[in-house]
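To start, the structure under review is shown below, and the notes come after it.
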Amino acid sequence: MAGASAAADVALSCAVATPADRPLVFEPKVGLAPRRIEARGHLELTGCTSPDGTATLLRSGWGTVKASAQASCTSARQVRGSAVITWFGVNGRPVGTSRLRVKADRLVAQHPADTLLTGTVAAGWLAKERVRGGITPATALLGCATRGMAALPGSGRIVFG
């Protein structure tokens, strides 16, 4: 029953992906050695469900994210930034927004882009909820260490609660 309890603590869970032909962008590109980078891009949230029943009106969303971090191909730290999600209801019309504070002090992840989905909702729908998620790259990360990575298309999950 622990799994059921954990699911009940989730206000909203959505599939998340970079829009087609619009990957997350890193400047300068992420490489093998950690360095200060700026990240920005858009995210599509779809198939949203509210296990605890508090956000059943929210079905999908469109987000913009902007952050800076000390990052390499395998880790990110000192992540600071913001995101705004515009939420859409069952009829596809906007129903409100959430302003997120993106913050991760030290995170070794599958990919540093996962840190862009870590933080809290500062205002709007789901205010004060924790945010966590992950983005799986559409292509292998092997090239990151040798050539660097300026952009990342991908998809994953984001959870509020």
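Looking only at region 53-81, count every residue that is open to solvent by 40 Å² or more (accessible area, probe 1.4 Å) and under 19 Å from VAL159 (Cβ atoms) and tell me the total.
Matching residues across region 53-81 total 6.
Being assigned to a strand (DSSP E or B), at pLDDT below 95 and open to solvent by 90 Å² or more (accessible area, probe 1.4 Å): is that true of ARG106 here?
When the stated conditions are applied, ARG106 passes them.
Is one or more of the residues making up region 88-102 modelled with pLDDT of 95 or more, open to solvent by less than 10 Å² (accessible area, probe 1.4 Å) and touching a strand residue (DSSP E or B) at 6+ places or on another chain (Cβ under 7 Å)?
Yes, some residue in region 88-102 is modelled with pLDDT of 95 or more, open to solvent by less than 10 Å² (accessible area, probe 1.4 Å) and touching a strand residue (DSSP E or B) at 6+ places or on another chain (Cβ under 7 Å).
Regarding GLY119, is this residue at pLDDT 90 or above, closer than 21 Å to SER13 by Cα and either surrounded by 15 or more Cβ atoms within 10 Å (Cβ to Cβ) or out of contact with any strand residue (DSSP E or B) (no Cβ under 7 Å at 6 or more places or on another chain) (or both)?
Here the answer is yes, as GLY119 does meet what is asked.
Would you say ALA20 is of a type in the set (Gly, Ala, Ser), under 18 Å from GLY154 (Cβ atoms) and at pLDDT below 95?
Taking the combined requirement at face value, the residue satisfies it.
Give the number of residues within region 59-91 that are in a strand (DSSP E or B) and more than 22 Å from THR136 (Cβ to Cβ).
9
Give me the residue from region 28-58 that is part of a loop (DSSP other than H, G, I, E, B) and touching a Ser or Thr at 6+ places or on another chain (Cβ under 8 Å) and, out of that set, nearest to PRO94 (Cα to Cα).
LEU58
The values are calculated or read from the model by the stated rules, or taken from the named source; none is laboratory data. None of these values were measured; they are calculated from a predicted model. Every residue, glycine as well, gets a Cβ built from its backbone with ideal geometry; the counts of neighbours run over all protein chains shown. These area figures cover heavy atoms from the full protein model, side chains too; ligands, DNA and RNA do not enter into them. Shrake-Rupley method; radii C 1.70, N 1.55, O 1.52, S 1.80 Å.
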